[in-house]
Amino acid sequence: MTYFNDIPESNNWNMMKPINKGWSNDKKIYIKTIDGKELLLRISDITQYENKKEEFESLKLFTNMDILMSRPIDFGICNNGQLVYSLLTWINGEDAEVILPKLDNKEQYFLGTKAGAFLKQIHRIPAPQSLLNWSEKYNHKIDIKIANYKACGIHIHGVDRIIEYIEHNRSFLLNRPQSFQHGDYHVGNMIITPEGELGIIDFNRMDYGDPWEEFNRITFCASISPTFASGYIHGYFDNIVPDLFFRLMALYIATNQISSIPWAIPFGEKEVNTMLKQAQSVLKWYDDFKTYIPNWYIPDYV
């Protein structure tokens, strides 16, 4: 890996191990230095410079937040101007989606409340004033996602009920606030440390939008642990969950099911089948969208 030689202090690295996880196009490398420090190196093509710079700078917004996450150390260009790098602190732990099923319900729920509390902190970062109105922006996104689904040639059994729910609930998008978003907030981007702490990773899809849109990925959490997913909602709302939230969460989840099939096609038949299976699970959770509160939700956890 000689193309990292122009990264400052890379001569102090004595271990470099590729990380082959996640959907990001970044190359991720675990690093251990001579003096025992653990680091995360993310490498991208130089064409991604502006995006990666914005992403790196955004991580500085979390400086005063009590969230366990990778912190920014250094950013720049390497490999004779061909690559861009971000150097971050490393969080030692295991994937939450692997560890959670091994924990008892009380621990799962507690970690869920932590996930919700962390997300609430993340959403305190305001969005730029210049952003397009959320209703206009997301309604346009819905139109594109439905059109792409209809053109993809793969059919979700029960899709009419999903689309019907979306069309009947677009009005709830009006006057929604916008904030910073993690962009891919679910158990696949969380780790649990040996001490049992929850860590949040992979902010590379950060964006701005309705803070409640972040719950569109709670499907992955609920599939692993309904207890964790319920705690996640309670932790975010301090146990007082507004009815409007459930209506909008169902809208965002429904929209995600429509878009998941065209998204999965380039990754092959296995991923398409995974998304088709998830859509059927979602339809069961919402009783074919006759209700807007999923059946896995535990309203009063004792």
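The values are calculated or read from the model by the stated rules, or taken from the named source; none is laboratory data. Quantities reported herein were computed from a predicted structural model and do not represent experimental measurements. Methodologically, a virtual Cβ is constructed for each residue, glycine included, from the backbone with ideal geometry; neighbour enumeration extends over all protein chains shown. Surface areas here come from the heavy atoms of the whole protein model, side chains and all, with no ligands, DNA or RNA. Shrake-Rupley method; radii C 1.70, N 1.55, O 1.52, S 1.80 Å.
For Lys284 and Asn92, the FRET efficiency from 1/(1 + (r/R0)^6), where r spans their Cβ atoms and R0 equals 30 Å, is about 0.20.
Rounded to the nearest Hz, the phi-derived 3J(HN,Hα) couplings of the range 216-228 under the Karplus curve 6.51 cos²θ - 1.76 cosθ + 1.60 (θ = phi - 60°) are 5, 9, 5, 4, 5, 5, 5, 5, 7, 7, x, 5, 4, where x marks glycine and proline.
Restricting the count to DSSP beta bridges whose residues both fall in the chain, what percent are antiparallel, rounded to a multiple of 5?
Working: 34 of 35 bridges.
Taking every DSSP beta bridge with both residues in the chain, the antiparallel ones total about 95 percent.
Is the shape of the range 98-238 best called rounded, prolate or oblate, per the rule: a/c under 1.5 gives rounded, else a/b larger than b/c gives prolate, else oblate, with a ≥ b ≥ c the square roots of the Cα gyration tensor eigenvalues? The shape class here is oblate. Please compute the length gained on full extension between Arg205 and Glu57, using 0.36 nm multiplied by the number of residues separating them and subtracting their Cα-Cα distance. Extending this stretch completely gives an extra 51.9 nm.
Between Leu244 and Ile154, the modelled labels are 3.6 nm apart [label points 7 Å from Cα along Cα→Cβ]. With K and R counted +1 and D and E -1, the other residues having a Cβ less than 13 Å from that of Leu100 yield a net charge of -2. Count Lys and Arg as plus one, Asp and Glu as minus one, and take only other residues whose Cβ is under 11 Å from that of Asn216; the net charge is then -3.
If you take every residue apart from Arg161 with its C-beta less than 14 Å away from the C-beta of Arg161, what net charge results, scoring Lys and Arg +1 and Asp and Glu -1?
Numbers: positive: Lys284, Lys290; negative: Asp160, Glu164, Glu167, Asp287, Asp288.
Surrounding charge for Arg161 is -3.
In the context of the full protein assembly, Trp90 retains an accessible surface of approximately 80 Å², using a probe radius of 1.4 Å and ignoring ligands and nucleic acids.
The overall shape of the range 144-191 is oblate: from the C-alpha gyration tensor, with semi-axes ordered a ≥ b ≥ c, the ratio a/c is 1.5 or greater and a/b is no larger than b/c.
Mean residue ellipticity at 222 nm, helices only, the chain: -12500 deg cm²/dmol; runs of at least 4 DSSP H residues each add -39,500 (n - 2.57), and the sum is divided by the number of residues. Note that the range 44-49 has calculated 3J(HN,Hα) couplings of 9, 5, 4, 5, 8, 3 Hz, one per residue in order, obtained from phi through the Karplus relation 6.51 cos²θ - 1.76 cosθ + 1.60 (θ = phi - 60°); glycine and proline are x. Residue by residue, the range 261-269 carries 3J(HN,Hα) couplings of 6, x, 4, 6, 3, x, 8, x, 4 Hz when phi is fed to the Karplus relation 6.51 cos²θ - 1.76 cosθ + 1.60 (θ = phi - 60°); x denotes Gly or Pro.
Just one of [x] 31; [y] 26; [z] 51 is percent of Cα pairs over 32 Å apart calculated from these coordinates, so which is it? The value computed from this structure is option [x].
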